[in-house]
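J.: Submitted below is the structure of interest, expressed as structure tokens.
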Amino acid sequence: MPQRTVRFTIRPDGRVEELVEGVSGEACQQLTERLEAALGTVERRESTAEAFHQPEVQSQSLPNHLH
Amino acid sequence: MSHFSTVKTELRQLDPLVQALNDLGYSPDQGERPVRGYRGQTVTADLAVSMDNGGDFGFRWNEKTGAYELVTDLDLWKQAIPIERFLSKLTQRYALNTVLKASVTEGFQVAEQQVKQDGSIELVVTRWDV
């Protein structure tokens with residue numbers, strides 16, 4: 001039985017940020033749709049995979065002894 | 001796939017608007033109401049908060065935008081905070097009430113609610129799916 005989690009940040013100016021964690025599931029989609037109907041226009045939507053994509057770190061090590 | 005959305009809140013529904021006004025300590029009158037301004041001139045609103053010495057404010061439904069708009073005589077604004085801040089506070093309250101109500105309707109439970117240092121309200125809701 002999976003747990004669905006939605007995290008909201010309601011800014012002081014009333015802007016709402018919604019983050020659906022993990023696999024969204026039908027319930028989360030219904031909640032999102034209901035909110036968007038009641039609240040207003042969606043300004044931005046992005047997938048969290050992209051939103052939280054860490055910059056890739058490239059490292060390279062040189063052998064201590066170059067011959 | 002999980003997703004992240006940002007919604008610009010508009011005052012689209014009457015009930016959460018009335019509730020938000022109540023939360024801020026106002027008792028609005030519903031139905032077509034006059035909002036008094038300078039020298040007793042009035043405009044009609046769908047929701048009005050009358051102040052003792054005039055300088056009422058109200059909300060009027062705008063068909064075009066599909067949202068309620070604040071109507072008031074700015075020269076007679078008598079609230080403790082400037083009108084922009086008042087509208088922000090009201091909109092945040094409206095958004096919170098709407099999010100809470102929609103979450104409960106969809107079977108979610110509030111797991112966490114806190115006010116952050118910058119004045120944002122953080123709310124976490126969860127639901128177990130069968």
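Values quoted throughout were computed directly from the atomic coordinates according to the rules given, and no laboratory measurement underlies them. Quantities reported herein were computed from a predicted structural model and do not represent experimental measurements. Note that we place each Cβ from the backbone using ideal geometry, even for glycine, and neighbour counts take in every protein chain shown.
J.: Got a sec to turn the phi values of segment B:25-32 into Karplus ³J(HN,Hα) couplings, 6.51 cos²θ - 1.76 cosθ + 1.60 with θ = phi - 60°, whole Hz, x for Gly and Pro?
T.: x, 10, 10, x, 8, 9, x, 5
J.: Next question, about the same structure. B:A45's amide H: which non-local residues (gap 5+, or another chain) put their own amide H closer than 5 Å, with H modeled 1.01 Å from N in plane and none for Pro or chain starts?
T.: B:R33, B:V35
J.: Just to be sure I understand the model, the point goes 7 Å from the Cα along the line to the Cβ. What's the resulting B:D29 to B:T105 distance in nm?
T.: Calculated label separation equals 3.0 nm.
J.: Given a Förster distance of 30 angstrom, what is the FRET efficiency for A:Q30 paired with B:L70, based on the Cβ-Cβ distance and rounded to 0.05?
T.: 0.45
J.: Over 25 Å between Cα atoms, which of B:K8/B:K89; B:K64/B:K116; B:K78/B:K116; B:K78/B:K101 qualify?
T.: As for pairs spanning more than 25 Å Cα to Cα, those are B:K64/B:K116; B:K78/B:K116; B:K78/B:K101.
J.: Across segment B:77-94, in residue order, what do the Karplus-derived ³J(HN,Hα) couplings come to in whole Hz, using 6.51 cos²θ - 1.76 cosθ + 1.60 with θ = phi - 60° and x for Gly and Pro?
T.: 4, 10, 6, 5, 10, x, 4, 5, 5, 4, 5, 4, 4, 5, 5, 5, 4, 4
J.: Using Cβ contacts closer than 10 Å as the measure, can you line up B:K116, B:K64 from fewest to most?
T.: B:K64, B:K116
J.: Shifting gears a bit: Rounded to the nearest Å, what's the spacing between the alpha carbon centres of segment B:111-125 and segment B:54-70? Just the number, please.
T.: Measuring centre to centre over Cα atoms gives 29 Å.
J.: Given the options B:S50, B:P82, B:G66, identify the residue whose Cα lies farthest towards the positive end of the charge dipole of segment B:20-89 (+1 on Cβ of Lys, Arg; -1 on Cβ of Asp, Glu).
T.: B:P82
J.: Could I ask something else about it? Starting from the Cα of B:W77, step 7 Å along the direction of its Cβ; do the same at B:E112; then give the gap between the two resulting points in nm.
T.: Between B:W77 and B:E112, the label points sit 3.6 nm apart.
J.: Between B:T126 and B:N62, what length in nm is gained on full extension when 0.36 nm per residue of separation is reduced by their alpha carbon distance?
T.: Taking B:T126 through B:N62 to full extension adds about 19.5 nm, to one decimal.
J.: While we're on this one: Please work out how much length the chain gains when fully extended from B:T6 to B:D52, using 0.36 nm per residue of separation minus the C-alpha to C-alpha distance, in nm with one decimal.
T.: That works out to 12.7 nm of additional length.
J.: Summing Lys, Arg as +1 and Asp, Glu as -1, what charge do residues with Cβ under 11 Å from the Cβ of B:Q92 carry, B:Q92 excluded?
T.: Taking every Cβ under 11 Å from that of B:Q92, the sum is +3.
J.: Output the Kirkwood hydrodynamic radius of segment B:1-125, Cα pairs only, in Å rounded to one decimal.
T.: 16.0
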